[in-house]
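Asker: My structure is below; once you've seen it, I'll send some questions.
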Amino acid sequence: MDLSQLVSIVRESRNTTAMVFPLPDVDGCVDYAITEAGETLDAILRDKRTGDKRNNVKDSDVRREWGQCGYMIASAMIQIEDCPMMAYAASDHVTLYFVLSDLCSYRIDGYTNMLADALGNWLAVCEDNDWYATELMAETCNAFERKHLPELFEA
């Protein structure tokens, strides 16, 4: 899959919501992507470790949180001129920790190829979970549009 498809979905949505849902700068988007990856891990822990003593009233949805992580990675990428958008071939055994590592590496070193790597690894995690990445990205965009522009969805 060409990563530009995922980025285009987010670019279109961000253009729709621009007046009411401000786009953070690149570093802010990356930091939000890191927090969304953390919220994905939180949701995984809530599902797998139900006996742990913690606040379990939060509605956890691994897939939704992962969608928001990808959305924020793509939101960073749309702001970088000539950001790499290479075709991506899924690797074996990719986890959300690869995405976190790529995002943190970007924040440390600033190499834009790390964002493409992060989105490619995000895609690999989607594939490992049988989530269609383009559908998940479109659903995530739609959720933000519904939240920030509800008048577009009123009948």
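Asker: For A74, indicate whether it is surrounded by fewer than 19 Cβ atoms within 10 Å (Cβ to Cβ), closer than 30 Å to F153 by Cα and hydrophobic (A, V, I, L, M, F, W, C).
Answerer: Against the criterion (surrounded by fewer than 19 Cβ atoms within 10 Å (Cβ to Cβ), closer than 30 Å to F153 by Cα and hydrophobic (A, V, I, L, M, F, W, C)), A74 does not qualify.
Asker: Any residue in segment 127-155 that's closer than 15 Å to N15 by Cβ: show its pairings with residues that are of a type in the set (F, W, Y) and loosely packed, with under 11 Cβ neighbours inside 10 Å at Cβ separation under 8 Å, as long as the two are six or more apart or on different chains.
Answerer: Close Cβ pairs (under 8 Å, with a partner that is of a type in the set (F, W, Y) and loosely packed, with under 11 Cβ neighbours inside 10 Å) amount to E145/F153.
Asker: Tally time: how many residues in segment 26-51 are among the acidic types (D, E) and either under 18 Å from A138 (Cβ atoms) or exposed (fewer than 12 other Cβ atoms within 10 Å of the Cβ) (or both)?
Answerer: 2
Each reported figure results from applying straightforward, stated rules to the coordinates on display, with no laboratory input. Note that this is a predicted model, so its numbers are computed, not measured. Every residue, glycine among them, receives a Cβ derived from its backbone with ideal geometry; neighbour counts consider all protein chains shown.
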